[in-house]
1. Hey, does segment 191-199 have a residue that's closer than 30 Å to Ile382 by Cα and within 22 Å of the chain's Cα centre (by Cα)?
2. Among the listed residues Gly270, Gly283, identify the single one that is at pLDDT 95 or above, under 29 Å from the mean Cα position of the chain (by Cα) and more than 22 Å from Ser380 (Cβ to Cβ).
3. So is Val631 of a type in the set (A, V, I, L, M), surrounded by fewer than 18 Cβ atoms within 10 Å (Cβ to Cβ) and under 29 Å from the mean Cα position of the chain (by Cα) or not?
4. Which ones in segment 271-299 are open to solvent by 20 Å² or more (accessible area, probe 1.4 Å) and in a helix (DSSP H, G or I)?
5. Since Glu243 meets every condition but one in (1) touching a Lys or Arg at 6+ places or on another chain (Cβ under 6 Å); (2) farther than 27 Å from Asp137 by Cβ, which condition does it not meet?
6. Since Gly341 meets every condition but one in (1) part of a loop (DSSP other than H, G, I, E, B); (2) open to solvent by 20 Å² or more (accessible area, probe 1.4 Å); (3) not aromatic (Phe, Trp, Tyr), which condition does it not meet?
7. Got a number for residues in segment 220-247 being part of a loop (DSSP other than H, G, I, E, B) and in contact (Cβ under 8 Å) with a residue 40 or more places away in the chain?
8. Taking the condition of being in contact with a Lys or Arg (Cβ under 8 Å, 6 or more places away or on another chain), under 30 Å from Pro245 (Cβ atoms) and aliphatic (A, V, I, L, M), how many residues in segment 346-374 meet it?
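The values are calculated or read from the model by the stated rules, or taken from the named source; none is laboratory data. As the structure is a computational prediction, the values presented were derived from the model and not from experiment. Because the Cβ atoms are built from the backbone with ideal geometry, glycine has one as well, and the counts that use them run over all protein chains shown. The protein model used for the area step is the full one, side chains on, heavy atoms only, and it has no ligands, DNA or RNA in it. Shrake-Rupley method; radii C 1.70, N 1.55, O 1.52, S 1.80 Å.
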Amino acid sequence: MRRIVPHKASFYLSTTLGLGLCLSATAQSKSSSEKSPKTAAGESISAKANDEIAFPSEMLRVPKGKVALGSDAKDYIKELETIGRTSRSQINDMRRCMSELGESTVPVEAFYLGKFPVTNEQYKIFVEETGSRYPFDWWRHGREDSFREHLQKMNEEMKDVEGSKDLFYWQVHWKELPYAIPESKNSSVKGTMEKFPVTWVSWDDAVAFAAWAGMRLPTEAEWVYAASGQERRNYLWGEDPEEIPIKRGSRYDRPWPVGHWSEKAAGPFGQQDMVLGVYEWMGDAGFFSLVDTKEYEKQRKALLKDKRFRDKDDRDVKSILNYRPKWSGNTKITKGGDYGGTGVVLRIQTRVPQEAYQVRERLGFRLAKSDVPARDILLSRIALDYDMTVFSGDRKPNIEDQVGMERYELADEGRLITGYHAVSLVPVSYAGDSKKMNEAKWNEKATNAPQPIATLMTTEKLSTPPADPGLYTIYFRHLGMPEELTKAVAAGNKELVAEEKAKEAAKAGKKPSSKKKADEKDDAKKSNWRAVTKKYGITDKEVLAGEVNFVRIKPGDLKVYTDRHQFLLRNNTGQFTSAWDGEKGVVTSKYSDGDATAAIIPVEGGEGEIATFTLGVPQYEDSKGKVYKYVVPVTLPAESAAGSSWRTK
């Protein structure tokens, strides 16, 4: 029997990046609140002084604060007892929630969180704009005519498949199948499910949508904070699960349009449908313990001392005694509890792990956004498919010093996103792998080989450097010829000139002396010049010409002149694609994370705009001293220019 995975997962975000690239509560810029237009909690950005800057109206602000994550074993036991279920049921609940053992308090920077989960209506715009995969249900129930037509082929093709044949068939053939938003299955709601939460989307699908919208998925800490505020509570409505203010039963436990329960299922900052809607994907790097290993084991032992676990021969007791959560970066956290959820699944702290590739009927997502413009598209794209191998050692993008510009195209009074435009840069976390790194060594290193200094994400076609929309790494090359290349060209030129003279002499009938032949042989052995010139992409013909003032950078064979400082662009497939003139980094000690800036000026003649980004790269890891400050200009052509509508702070 063969098993087809519903959606082949590409687990791009290495757990070694930690929460820094997932924008954990502690990793957001310390100056983000200073750079952002101020709004009160629960208001959208467009409600205040920045009315002239379009911003999605249903992104509500969550203020800076602290949130308690996880559960102490003793408190958790007491809490389960209040649910009023049998001892056996409580054991099963404990098993499900063992991943939350251990308490911690986490700071949360101010951010924006969607008032509702993303709807089918909004997701359809994304699918039509990008050609991305649509949800399974849009074919299975949205186009039941097509489903019936494919039944015979499906059964034949998927005869050896374990599981849902229709789901696997869609996974293989979705590009050639039609789709439509299904009709409502809720007899109380007529028409299509446009205003219902989108479901049947994988973690990758959700992150791709978030990137398209200039946003990201919320972290677990952010979601819990938006659901509970700074006051710890077990449920949205308090401590007792029986006090739920929402009617339950077969008539009510069904899918509803977003906002159906209004304030009854809302957090303290205005976000609705935090429970009893759909489970929601979190943006964290994976499914891991909330505390360190030592503290987790301590809490686990305390839990297993409870009287419920005395009968070690009991089947259910054995299952929990032997159970340990499977921590993994390939597994993601979901929160919220769906419309049929009861008891423990409705708790704010409950964590439900799902494999990133999974698509489910009751699993969707909502969006989060940082204060800093164009930060989140870069975070989401890095999480999806950025080639981190360009950085050596522990180097990675320094999200706290990201800088960018963005603008939205909106419809329906700002409710629907129809387009998003951004250019975003983030510097590398440090330049050298050694504390011995200084300016002279850095310049020499950047002369011998271009060095990565930043990551660039653009939704716009750039004219300088020539670049299509996409994700890139920016390198810096210091002017000058590598010393080994200068020597190799000189040696090669001497040898090749001698060979040319020998050829001319042979044509004239002259024979070289045996001593001269021996000397030339010895010189060839001593000089390995071709290995060096090949390394820098220089041909024998160019060596023979004698004047080499350029190198070719591989992969891509990009020609770069050595008489000037240049920035280089490397695409996400590893090819160097373009170069443009720049200046070397100015060494300064008056720079810290959050000092990066973006400025936009029009090009004379109305032929576009020049966006200038200033950012800093510390000399080495944990450097509290000198920083290389780079000024990186990029030019947007006229068709991408938008004047003052860009949001840069």
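1. Yes, segment 191-199 contains a residue that is closer than 30 Å to Ile382 by Cα and within 22 Å of the chain's Cα centre (by Cα).
2. Numbers: Gly283 fails: more than 22 Å from Ser380 (Cβ to Cβ).
Result: Gly270 is the single residue among Gly270, Gly283 that is at pLDDT 95 or above, under 29 Å from the mean Cα position of the chain (by Cα) and more than 22 Å from Ser380 (Cβ to Cβ).
3. Yes.
4. The answer is Thr293, Lys294, Glu295, Glu297, Lys298.
5. All conditions pass for Glu243, except number (1).
6. With (1) part of a loop (DSSP other than H, G, I, E, B); (2) open to solvent by 20 Å² or more (accessible area, probe 1.4 Å); (3) not aromatic (Phe, Trp, Tyr) applied to Gly341, the lone miss is (2).
7. Residues flagged as part of a loop (DSSP other than H, G, I, E, B) and in contact (Cβ under 8 Å) with a residue 40 or more places away in the chain within segment 220-247 amount to 9.
8. The total comes to 4.
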